[in-house]
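> Quick one: structure below, then a few questions.
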Amino acid sequence: MEDVFRDYGQFENIENKKIICFNITKTYLLSERENLYECTRKFWRLNGERAKNAELVFAVCSKYIVGVFKPTHWFLTDSEEYSGRWEFEGEEIIDSPFINMSIAHLVGRRQNPVMYINM
């Protein structure tokens, strides 16, 4: 899997953007939802007020950025199964220069699927 992502470089937050990274490896690789946006936007345990400050959301698979989104709205889900979790609505930035960049140097051996950068 990692060979697909090689040679795209390492992500550096030069512009000091406020970013939330969601590890979607399992959901994405198992195609548990219909597309990348749906894999990324739903059912996260996080601080919603903090999330509202994010300028970008990164979808991360195997420590590589596979999707970049500009969130426009954060809200608690209506799903009874995932009560208390957050989701967002936003726009995918298909031509983002960050796509396929590694964030391995930032992630380390994290257990939490949510990571904040510059927040």
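> Kirkwood Rh over alpha-carbon pairs of the range 2-117, then Stokes-Einstein at 10 °C and 1.306 mPa s: what D in µm² s⁻¹, rounded to an integer?
So the translational diffusion coefficient is about 110 µm²/s.
> So, one more: Testing the spin-label approximation: label points 7 Å from Cα along Cα→Cβ at His105 and Ser62. State their distance in nm.
Each label point is offset 7 Å from its Cα along the Cβ direction, giving 2.1 nm.
> Gain in length, Arg50 to His73, computed as 0.36 nm per residue apart minus the alpha-carbon separation, to one decimal in nm?
Value of the extension gain: 7.0 nm.
> Further question: Just how large is the dipole of the chain about the Cα centre, in debye to the nearest 20, putting +1 at every Lys and Arg Cβ and -1 at every Asp and Glu Cβ?
520 debye
> Right, next: Percent of Cα-Cα pairs more than 11 Å apart in the range 6-46, please.
In whole percent, the long-distance tail amounts to 73.
> Right, another one. Just from its helices, what would the mean residue ellipticity at 222 nm be for the chain, if runs of 4 or more DSSP H residues each count -39500 (n - 2.57) and the sum is divided by every residue, rounded to the nearest 500 deg cm²/dmol?
-3000 deg cm²/dmol
> In the chain, which longest range has no GluC sites (Glu not before Pro) that are both DSSP loop (not H, G, I, E or B) and surrounded by at most 12 other Cβ atoms within 10 Å?
Free of exposed loop sites, the longest segment is 35-79.
> Full extension from Lys18 to Arg33: what is 0.36 nm times the residue separation minus their Cα-Cα distance, to one decimal in nm?
2.8 nm
Every number here is computed from the coordinates shown, using simple stated rules; none is lab data. Remember, predicted model here, so these are calculated numbers, not experimental data. FYI the Cβ positions are ideal-geometry reconstructions off the backbone, even for glycines, and counts take in every protein chain you see.
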